[in-house]
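Q: The structure that follows is given in the form of C-alpha cells.
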Amino acid sequence: MSTNEVHTDEATSTTNVPTVDMKLEVVVLPVSDVDRATEFYTRLGWRQDVTPPDSGVVQFTPPGSDASIHFGADLTTAAPGSAKGYLIVSDIEVARDQLVAAGVAVSVFHRGADGPADGPDPDRRSYSSLASFSDPDGNSWLLQEVTTRLPGRIDTATTSFGSARDLATALRRAAAAHGRHEERTGEEDPNWPDWYAEYMAAEQSGAELPT
C-alpha cells in the first residue's frame, strides 16, 4: 500500500482525530474562448483576481462569494459548456435585474405544487425561488434565493453577511417582521435593535424565528 492510500477500516476509525476547516476555494470552468469568457464574467460584475504571471489562469469571484472560478487553456479536459454551478442570493428579483442589465438572458421560476412554475415563489419561501442563466459556452448557473437556512447548515454561534447588500436585505426582512411583531403586541418596542439581532441570527442559522 502506498503512503497516499488509506485503508477503509483505518479511515472509518478516526472519529477522534481533530478536524481542520476545508473551505472551497476554486472551481475550474471549461471554456473554449478565454477572452470571450473573460468579457462575459467581467460584464456580470464579478471581480477578476490577480493570478501568477504566465500561469494561463483567469480567476473571477462572484460578489460576496468566498469561492472563485478558474478558466484558461489546458486547465481541464471537460467539454466546454459542461459545467453547472449554483449561486445563493438574498433577493432573486434584484439578482435577475442585475443580470438583465448586463445583457444576460435569465429565466426565473419557482418550485410549484405541480413542478417548476414561472416567476418567483408567491410567498417568497426560502429555497423556493430560482433563476438560471448560461455563459457563452453553455456553462449553466442556477441561482437560488435563500433567506432562512435549513437547521444545521450554519454555525449557530456565528452570524455573518457576505456583502453590505446582503446585510441591508436582511435588515429589511427583520424590519418587516418587527412591524408585524408590534402589530401583534399593540405596543412600540424600544428594544428593536435586540429584536432585529435575534431575528437575523435565527434566520441565518435556521433556528426558530422570534414572533
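The values are calculated or read from the model by the stated rules, or taken from the named source; none is laboratory data. The structure displayed is predicted, hence computed values, not measured ones. Note that we place each Cβ from the backbone using ideal geometry, even for glycine, and neighbour counts take in every protein chain shown.
Q: Within the range 143-174, how many residues are exposed (fewer than 13 other Cβ atoms within 10 Å of the Cβ) and at pLDDT 85 or above?
A: So the answer is 1.
Q: Okay, next question. Scanning the range 127-142 for residues that are within 15 Å of the chain's Cα centre (by Cα) and surrounded by fewer than 17 Cβ atoms within 10 Å (Cβ to Cβ), which turns out modelled with the lowest pLDDT?
A: Tyr127
Q: Can you name the condition, by its number, that Ala78 falls short on among (1) assigned by TED's automatic domain parsing to the domain that holds Pro120; (2) at pLDDT 95 or above?
A: Of the numbered conditions (1) assigned by TED's automatic domain parsing to the domain that holds Pro120; (2) at pLDDT 95 or above, the odd one out for Ala78 is (1).
Q: Yes or no: Leu29 hydrophobic (A, V, I, L, M, F, W, C) and touching a His at 6+ places or on another chain (Cβ under 8 Å)?
A: In short, yes.
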